[in-house]
Amino acid sequence: MAKSKATPGLEPRLKAAERLALVLKGASFTPLGASDVADPRDRALANRLITTALRHHGHLTLVLGHLLDRGMPKKSGSFEAVLRLSLAQLLYLPDLGDHSALVLAGEAVKRDKSAQHLAKLLNALLRRAQTEAADLRQGPPDLLFPPALVKTWTAAYGADAIPSFGAALLDGAPLDLTLKADYPTLIDLLGARPLLADTVRVESRDKPVDQLPGYAEGRFWVQDVAAAIPARLMTLPAGARVLDVGAAPGGKTAQLIKAGYAVTALDREPSRMSRLTGNLLRLSYVADLVTADALDYTPATLFDGVLLDAPCSSTGTFRRHPEVVWHRNPADIAGRVALQRKLITRAIACLKPGGILVYCVCSLEPEEGEAQAVWAPQQGLELFPITAAELDGWAAPVTKEGFVRTHPAMPVPGEKAGTLDGFFVARFRRG
Ligand SMILES: C[S@@+](CC[C@H](N)C(=O)[O-])C[C@H]1O[C@@H](n2cnc3c(N)ncnc32)[C@H](O)[C@@H]1O
């Protein structure tokens, strides 16, 4: 799409449409940064439009079906993305007013050669949506997630959990930080409250993380309260050698270093390893860094512990990545399950006899979590059950088998439901 600086408010919408179009084609959503949209207010607006369109994706698909009698026009460039963003604004962001949703959407498609012939249609659709907005807004709540996921989640977590999952999707995620050390004054400066162990929750989400007090000095890193659980379950003496598999961008690596281990951080994605390197540098933490496919990695000396944060469907992170639930399908999840098993087998081969394996996934799918933990003992591992005492007495996520299972309908002590990611953790010893 061609750039335009002439019309105020157009640039963030063009950028938002570009980013959303990529996500609609299957890319992961990453918020626009300063290099995409320089003005912080424009950037916040663009990201708000995209996340609103993604959180209401299922409902907007229904609305599009209602408005477009002949379906989505083929080969129409940015048309669908622009339309979804404007519908999101008209239906769910009343504080922005309707005018810009109509006028700037028209300007945006006019600048796209593949979509400009649809400018009139776009205008007609948005005007109709504006007139019917009160009815269109009443979308059935069960459209927040694909029906197949609602079915598996209902079986796993109960029908009562689904409305809480929906509320969590619409609310988004609070900002949780893991502290490098005890900083009582910093907690006050951040406007944060202690949550669990060294995790604190920041009340206001209106400042970019890199502008928070203590960021530049490396006093914390961003990590959901659930994501911070697995590394705490590596119960080895300080100085033990630990391999962190699937380490980038390094939240769990930082925790393992903080716990006093000699850490080797391994990930196969060079760009993600650069982020890990930058994060460790900011924290003044040191690890051995290996950019490699774990399936091809053979260490010179076996490790005392392996943390395997396995690649997974990531459905537990839908509050920050609403797109994941629409991108996944059963075949894709089956492929991930097979890869996880190969990685578990490889992780065992990197462990000393008696060494500890912590396996985790940020997935709500039992095949990637509970079922893998039932399979793993057949590969020469003994289950090393996790206890509530290791989670400061928080018993809710500890299962009868000694696994940890969190999901967004589970309240963190002192907090409402919907404020943590879905995670699964199991711990083993190599026999
Ligand atoms: C859930 S993310 C890791 C998050 C990270 N542990 C943290 O706490 O910040 C999974 C990681 O596994 C990596 N990965 C996927 N397949 C891999 C493989 N075969 N070998 C090594 N790393 C892999 C991905 O690049 C991704 O960075």
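Any residue that is charged (D, E, K, R) and not in a helix (DSSP H, G or I) - is there at least one of those in segment 43-54? Break it down stepwise before answering.
Filtering segment 43-54 down to residues charged (D, E, K, R) leaves 43, 48.
Imposing the further condition that a residue be not in a helix (DSSP H, G or I) reduces the set to none.
Checked segment 43-54: no residue is charged (D, E, K, R) and not in a helix (DSSP H, G or I).
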>> Can you tell me how many residues within segment 199-218 are of a type outside the set (A, V, I, L, M) and surrounded by 19 or more Cβ atoms within 10 Å (Cβ to Cβ)?
In response: 2
>> Which condition from (1) modelled with pLDDT of 95 or more; (2) exposed (fewer than 15 other Cβ atoms within 10 Å of the Cβ); (3) within 21 Å of the chain's Cα centre (by Cα) is the one that residue 318 breaks?
In response: (2)
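So, in segment 285-306, exactly how many residues are part of a strand (DSSP E or B) and in contact with a helix residue (DSSP H, G or I) (Cβ under 8 Å, 6 or more places away or on another chain)?
The initial filter retains those residues of segment 285-306 that are part of a strand (DSSP E or B), namely 288-291, 303-306.
Subsequent filtering for residues that are in contact with a helix residue (DSSP H, G or I) (Cβ under 8 Å, 6 or more places away or on another chain) retains 289, 291, 306.
Here the count works out to 3.
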> Is there any pair linking a residue in segment 78-101 that is more than 15 Å from residue 57 (Cβ to Cβ) to one that is outside any helix (DSSP H, G or I) and of a type outside the set (Gly, Ala, Ser), with Cβ under 6 Å and at least six apart or on different chains, and which?
Replying inline: 78/1; 78/112; 90/98
> within 16 Å of the ligand (Cβ to nearest atom), at pLDDT below 95 and closer than 26 Å to residue 55 by Cβ - does that describe any residue in segment 185-195?
Replying inline: no
>> Here's a check for you: in segment 270-310, which residue that is within 17 Å of residue 259 (Cα to Cα) and of a type in the set (Gly, Ala, Ser) is farthest from the ligand (Cβ to nearest atom)?
In response: 284
> Which condition does residue 347 not pass, out of (1) buried (at least 22 other Cβ atoms within 10 Å of the Cβ); (2) small (Gly, Ala, Ser); (3) modelled with pLDDT of 95 or more; (4) on the phi > 0 side of the Ramachandran plot, if it passes all the others?
Replying inline: (4)
>> Between a residue in segment 309-324 that is on the phi > 0 side of the Ramachandran plot and any residue that is assigned to a loop (DSSP other than H, G, I, E, B) and surrounded by 24 or more Cβ atoms within 10 Å (Cβ to Cβ), which pairs come within a Cβ distance under 9 Å, given they are 6 or more apart or on different chains?
In response: 314/362; 314/363
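Among the residues in segment 235-249, are any crowded, with 16+ Cβ neighbours inside 10 Å, touching a Lys or Arg at 6+ places or on another chain (Cβ under 7 Å) and under 30 Å from residue 185 (Cβ atoms)?
Checked against the condition, which is being crowded, with 16+ Cβ neighbours inside 10 Å, touching a Lys or Arg at 6+ places or on another chain (Cβ under 7 Å) and under 30 Å from residue 185 (Cβ atoms), segment 235-249 yields at least one hit.
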> Of (1) within 13 Å of the ligand (Cβ to nearest atom); (2) under 29 Å from residue 388 (Cβ atoms); (3) aliphatic (A, V, I, L, M), residue 236 satisfies all except one. Which?
Replying inline: (1)
> When segment 338-390 is examined, which residues are found to be within 13 Å of the ligand (Cβ to nearest atom) and in contact with a Gly (Cβ under 8 Å, 6 or more places away or on another chain)?
Replying inline: 343, 358, 361, 362, 363
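Only one residue in 77, 58, 71, 65 is over 25 Å from the mean Cα position of the chain (by Cα) and part of a helix (DSSP H, G or I), so which one is that? Give the derivation first.
Working: 77 fails: part of a helix (DSSP H, G or I); 58 fails: over 25 Å from the mean Cα position of the chain (by Cα); 71 fails: part of a helix (DSSP H, G or I).
So the residue among 77, 58, 71, 65 that is over 25 Å from the mean Cα position of the chain (by Cα) and part of a helix (DSSP H, G or I) is 65.
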> Within segment 90-120, how many residues are assigned to a helix (DSSP H, G or I), of a type in the set (D, E, K, R) and over 29 Å from the mean Cα position of the chain (by Cα)?
Replying inline: 3
>> Residues that are more than 9 Å from the ligand (Cβ to nearest atom), in contact with a helix residue (DSSP H, G or I) (Cβ under 9 Å, 6 or more places away or on another chain), in a strand (DSSP E or B) and at pLDDT 95 or above: does segment 245-261 have at least one?
In response: no
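The values are calculated or read from the model by the stated rules, or taken from the named source; none is laboratory data. In this text, all values refer to a predicted model and were calculated from it rather than measured experimentally. Don't worry about glycine lacking a Cβ; one is built from the backbone with ideal geometry, like all the others, and counts go over all protein chains shown.
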